[in-house]
Structure formats: structure tokens, C-alpha cells
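The values are calculated or read from the model by the stated rules, or taken from the named source; none is laboratory data. Please read all numbers here as calculations on a predicted model, not as lab measurements. No Cβ is skipped: glycine too gets one built from the backbone with ideal geometry, and neighbour counts run over all protein chains shown.
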There are 2 protein chains.
Amino acid sequence: MSKKGKAPYIGVDLGGTKILAAVISRKGKILSEAKSPTPDREGPEVVIARVVETVQQAARAAEIDPDDAAGLGIGSPGVVEAATGVVRFAPNLLHWDEVPLGRKLSEALGLPVVVGNDVDVATFGEYALGAGAGCHSVAGIFPGTGIGGALILNGKLHTGARGSAAEIGHITLLADGPVCGCGRRGCAEALASRTALERDLRAAMRFGRRTVLTDLMDAEGRIRSGALAKAAAANDLLVLEVLYRTAHYLGLLAGSIANLIDPEVIIFGGGLIEACEEWLMPTIRATAQQHFINRLDIEKVRIEVATLGDHAGVLGAAMLAQATFNNG
Amino acid sequence: MSKKGKAPYIGVDLGGTKILAAVISRKGKILSEAKSPTPDREGPEVVIARVVETVQQAARAAEIDPDDAAGLGIGSPGVVEAATGVVRFAPNLLHWDEVPLGRKLSEALGLPVVVGNDVDVATFGEYALGAGAGCHSVAGIFPGTGIGGALILNGKLHTGARGSAAEIGHITLLADGPVCGCGRRGCAEALASRTALERDLRAAMRFGRRTVLTDLMDAEGRIRSGALAKAAAANDLLVLEVLYRTAHYLGLLAGSIANLIDPEVIIFGGGLIEACEEWLMPTIRATAQQHFINRLDIEKVRIEVATLGDHAGVLGAAMLAQATFNNG
């Protein structure tokens, strides 16, 4: 066994608004963490320098040097080429085109680095330590601005022949349906993302339908997930209708994924699910399980809610690094 | 290397109407073959005895004993439990419930036997020797009475956590659309199977739409794939409309599969595709490639037609046996 045989791993969650870094034991215990705002308008060099500082801060808090760790994993927004650690582009970060994030961090910190897409990494965290612990095959569904997805098959991220697997937001659920942000029609994202949900709410409000949401929007007129939950709890019929429709489509999406992949568990996560779980999940579960063709009738596909919350990213990144670099 | 290190494999295609057996070299050359009608109304014992006879006949033609072969693969209709070789049920064969096909054949012939679902086996044949040769990840789509599907990932059949993977006929393409044979709504099968296609044609004919099909149906009033091709070639507008609609939905199905799995190639096969390729495939290809989200922009997903025809079953079964039993 090498000198680093018991060394911890470092996990980093690079988000559009904040950077979270943590030193994490091999069993998934968070030994220390550090947080910084993301300088998202200042280009990749500044962001990467900030990631390095945040990692150093987390390492100091755990009383190690960064290069005492056995490796580092980082989840990045956007499109990531996993084999090379290059972020091809990231719409939420200014000037992020073809950024060799893995190589830059590795040089700055003296560590092997693995880079993954943020949804892939969060799903890997749930697989290793959360709602999918003990399973070998997991699908992750994260409804947000779009609908993020990830697949883990036989304990490995399935990224596909061209890195385009798990683009579940663009599975067609309603042929020739509403136009999607991608220009196609009837994609899951056009029906069941936060964007679709807000589109439907605002259309109804423009036509004068009554809703307590009018009083719950924030100063910029945004409808936050917490406001949706408050409106639903107040039995607001418009919000309930739109949440149930969203859940119906998310259930069909989960059923279709189950019928193609048949994973042990499908995990739903993200802010919308966390805030509105009690209105979304019963419909999602019923619809998905009704649509799942289980010819051997062994058991129903499990439909779970993510359990790691804000820590899914750092935990998943560290576990992905461990799975990638722990060969002896 | 064992005595059987260069021995051929035996492939069997058990269909609802005929049994095909062949002795096949390790490189996929058909050394001999034999064919019998399936005694489909006489129960599993009689069918299995007929399979054994057909295998013996093929072996004699290749001048070997069956147990000189290194192993046998068989593709069966219905739901197959791959791990045990049990056919759970097969709607096209009378009294086939929980039939231990693998064990029975192994005992009768003195050979290791692997059993697969017919679509899985045909797709494995295309992967090993046909339209998917040289690829590691393949999806197969076979529109027929239903829509059969199969997935090969990293060179292995992906059957899922409960044996329910690749049930692509029941991916939702049109939420809340037409009722499917499974009782759900808007499944791919309810939109793009031969059954759906015939439903639409007959509905139009009942309402008096003109079509040359009226003169092309067989004595029992069935619409065969050859009749569809003849009508399309005669520029029959009803048949062309229905074929194009079928192709549109098959293209959306292929696009959704590509967006979830990102395989190297998607292979379409079966009698309908073979007969009507020139009217179906251009629309399927255009729609699928338009719907495929290829963020790394490496290449388009390949959409191909199966090339092994009636031999896909025996070739796939023999290659599956080789992949299963060839460990030294």
C-alpha cells in the first residue's frame, strides 16, 4: 500500500454562484470544508485561482497540505469531457470555452484531478453515500432551469460514445408538443423543468387567474421554489395544478428511463424537488411505477429523493476521485 | 487451450412459426443449417424435442456430433430470465410458462446452453457480425406487432436490474396519447408498431379513403409488409402518409434513446423495415439526428439497417454462446 493508502480525498463543487471545497475521508466523512463566492464574470483564470484558494483553505482546516490528499474531484457546470478534464463550455460562467480545468488544478495543487459534470458528480455522490447507497445502477433526475440527468451503470458513470448520454431533458415526452429551449418540440425540459413551470404560471397570471404567488414573488419578480411551496401549502389551486402537471411529466420521464435502462433506483434531486417534495413525489412515484414494464415482476423500481442536499457535490466529487484513483 | 478450443458453436432461432438451427464457426461462418416448423400448439416438451432434432440435423450436416460443439445459444420469443435460462412466458407459444429451456437443452445435447430473448439475440448478432460490427455500444429497434428493443453496452447485453431494460416499446412518446396494448397511453408501440400502422390504415379505409391496399390484402384480409411496399411504390397517398408518420415516431424514439444512452449505432431491423426501408429510413434518420443532443459535436449518431436478415437469430445466438462460454 502506498504512503497515501489512507489519505483523504478532496471534493470541489464549482457552482455558478459559489465554490465549495471539502476534505473527505475514504468512508465519506466531511473532515473540513470551505466556501467562496464564484467570480463568475471574471473568466476562467480568476475562477480557477479561487478554486485553488478554497481548496487550500479546506486543507488548512483539516490540518493537511492539499498534496497530502490522494486526489481531487471537481464537479463543474456545463459540458465536460471526462477523459481529458476539459470543460468544453459552461453557459453560467463567462468566457468558459475549452478550459483545461483538470490539468490547471493538477498543476497548481500537485494532485491527480478528475473533472465531472455537476449533475454526474451529484448523482455519483447519491450512489456512493446517499439515496442510492448499496446499488450498482442509478439514474439521477434534477429538474431545474433545464432537467439534468446522470446514469451510473455497474458502478460507473455512463457518459456514452460521444459524452452525450443522460441528456434526459431532451427525451421526447409529447411529440410535436411545446417548443423547447433547444429548438426541438416536446422535450421533457419543455414540459417539466422549472422554466416550463414558470412559463405556465406566468401565462395563467397574465390571463388573470388568481394565485397567492402574486404576493410571494421576490423583489425582482422571480418565483422561488420556497414561494411555490408556500403557495401549495396555502392550497393555491393554480400552483397545485402546475405542480401536479410537472409531476405527471416527471413521472412519465422516470417511467421511460426505467423501461429503457431498468436501474435499481431513480433519484430525484435539486431545489425544486427539495422545496416541493410533498406535492411532487407522490404523483411522480405513482406515474413512474404505473409506466414501468416489469415483466419478471420482481419488485417495483425505487423512486427516491436525494438525501445529501448541498453536500452531494463535494461528496460525489471526492468519491469519484476515490473510484478513479484508488488502485492500490 | 481445451480440446474444444477451436470447436464451432451452435445457434438456434426459436420462432413462433419455425425453428432454425446452425453450426457456426468462431468467426461467424455458417457451416450448416437445418429448419423445422414450430409445433407451437403442442406445449413445451414437444417444441423442445423438435429443437433437439433440428440441432442434431444441423450437426449431421456439418459432420459433427452436437456435443462436439463448444456451446449452444438460443433465441426465444417472450420473456427470458437470462441468468437461469428460464423462459418465463411466451405469448406466441401455447403453455409456455416457466419453461427451463436452457437446462432441458443442455441435458438433451450435453452442451452448455445460453438462452436469450429473440430481439436481444438478433441485436447481438448485428453487434458481432452485422451493422454494428466493430462497435461497443449498440441499440436495436425492431418494429413488429410490438416494438422490440435491445441494448448492448461495453460489448454486453444490458438487461437491467430486473430484466426489464430495453422495453423500448413502452417509452412514452406522446403523453396521454392513444391507448397502447399494455393499457398505458402514448407508448411508442401505440404510435409506431405494425399494429399501430394497421390500426390507422384500417380506420382510414373504413372511412372510405382510397388506397390500392384494398386490392393487395391477402386472402385473410391481412396487410403484409410486402403489400405496404407495393402500395408505397405505386405512390399510394394513404400508405405513404401512414409510413411517414410511423417513421417520424420511430425517429423520435431513436433520438430519445440516443439522448439517454448515446450508443455508437442504432440498428433498425425486422420485416417492416426490410420491406419498406426506402420510405421509412430517410425520415427516421433525419428526425433522430435532429433530436440527438450532441454537445461535444464529435459525430452524428449512426442510424443503420440490420444486415443479417433471417440469419441474425442463429448468428447472434452462436456469438452470444461464444461470448458467454469462451473463457480459454
(message) Among the numbered criteria (1) under 23 Å from the mean Cα position of the chain (by Cα); (2) within 11 Å of chain A (Cβ to nearest Cβ); (3) surrounded by fewer than 19 Cβ atoms within 10 Å (Cβ to Cβ), which one does B:Arg224 miss?
(response) (2)
(message) Every residue in the range B:268-294 that is more than 15 Å from B:Ala232 (Cβ to Cβ) and either free of Cβ contacts under 8 Å to residues at least 24 places away in the same chain or within 14 Å of chain A (Cβ to nearest Cβ) (or both), please.
(response) B:Ala286, B:Thr287, B:Ala288, B:Gln289, B:Gln290, B:His291, B:Phe292, B:Ile293, B:Asn294
(message) Taking the criterion of being in contact (Cβ under 8 Å) with a residue 12 or more places away in the chain, surrounded by 24 or more Cβ atoms within 10 Å (Cβ to Cβ) and at the interface with chain B (Cβ under 10 Å from one of its Cβ atoms), would at least one residue in the range A:174-181 satisfy it?
(response) no
(request) Kindly indicate whether any position in the range A:294-308 is over 27 Å from A:Asp120 (Cβ atoms), crowded, with 24+ Cβ neighbours inside 10 Å and either of a type in the set (Val, Ile, Thr) or in contact with an Asp or Glu (Cβ under 6 Å, 6 or more places away or on another chain) (or both). (result) no
(request) Name every residue in the range B:153-173 that is touching a residue at least 40 places away in the same chain (Cβ under 8 Å) and of a type in the set (A, V, I, L, M), in order of residue number. (result) B:Leu153, B:Leu157, B:Ala166, B:Ile168, B:Ile171, B:Leu173
(request) Restricting attention to helices (runs of 4 or more DSSP H) lying wholly within the range B:236-328, give those where 3 or more residues are of a type outside the set (Asp, Glu) and within 19 Å of B:Glu198 (Cα to Cα). (result) B:237-261, B:271-291
(message) I'd like to check something: does the range B:50-64 contain any residue that is surrounded by 15 or more Cβ atoms within 10 Å (Cβ to Cβ) and more than 19 Å from B:Val113 (Cβ to Cβ)?
(response) yes
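In this structure, is A:Gly183 out of contact with any Gly (no Cβ under 9 Å at 6 or more places or on another chain) and under 30 Å from B:Thr246 (Cβ atoms)?
In short, yes.
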(message) Being facing chain B (nearest Cβ under 8 Å), in contact with a Gly (Cβ under 8 Å, 6 or more places away or on another chain) and surrounded by 23 or more Cβ atoms within 10 Å (Cβ to Cβ) is the requirement here; does A:Ile261 meet it?
(response) yes
(request) Can you work out which of the residues in the range B:231-258 that are among the β-branched types (Val, Ile, Thr) and within 14 Å of chain A (Cβ to nearest Cβ) is nearest to A:Ala258 (Cα to Cα)? (result) B:Ile257
(message) Can you go through B:Ala204, B:Ala192 and tell me which one is touching a helix residue (DSSP H, G or I) at 6+ places or on another chain (Cβ under 6 Å), crowded, with 19+ Cβ neighbours inside 10 Å and of a type outside the set (S, T, N, Q)?
(response) B:Ala192
(message) What's the number of the only condition in (1) of a type in the set (Val, Ile, Thr); (2) without any contact (Cβ under 8 Å) to a residue 12 or more places away in the chain; (3) buried (at least 24 other Cβ atoms within 10 Å of the Cβ) that A:Val314 fails to meet?
(response) (2)
(message) When you check B:Ala229 against the structure, is it assigned by TED's automatic domain parsing to the domain that holds B:Arg302 and either closer than 30 Å to A:Arg184 by Cα or free of Cβ contacts under 8 Å to residues at least 24 places away in the same chain (or both), yes or no?
(response) no
(message) Could you check the range B:159-173 and list, in sequence order, the residues that are assigned to a loop (DSSP other than H, G, I, E, B) and more than 7 Å from chain A (Cβ to nearest Cβ)?
(response) B:Thr159
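Conditions (1) at pLDDT 95 or above; (2) closer than 28 Å to A:Ala139 by Cβ, marked per residue:
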site	(1), (2)
B:Ala234	yes, no
B:Leu252	yes, yes
B:Ile273	yes, no
B:Ile298	no, yes
B:Ala312	yes, no
B:Ala317	yes, no
B:Gln322	yes, no
B:Asn327	no, no
(request) Working carefully through the options B:Pro91, B:Pro112, find the one that is surrounded by fewer than 21 Cβ atoms within 10 Å (Cβ to Cβ), within 18 Å of the chain's Cα centre (by Cα) and not assigned by TED's automatic domain parsing to the domain that holds B:Gly269. (result) B:Pro91
(request) Select from the range A:203-223 the residues that are touching a residue at least 12 places away in the same chain (Cβ under 8 Å) and charged (D, E, K, R) and list them in ascending order. (result) A:Arg209, A:Arg210
(message) Could you tell me how many of the residues in the range B:174-223 are out of contact with any Asp or Glu (no Cβ under 9 Å at 6 or more places or on another chain) and part of a loop (DSSP other than H, G, I, E, B)?
(response) 15
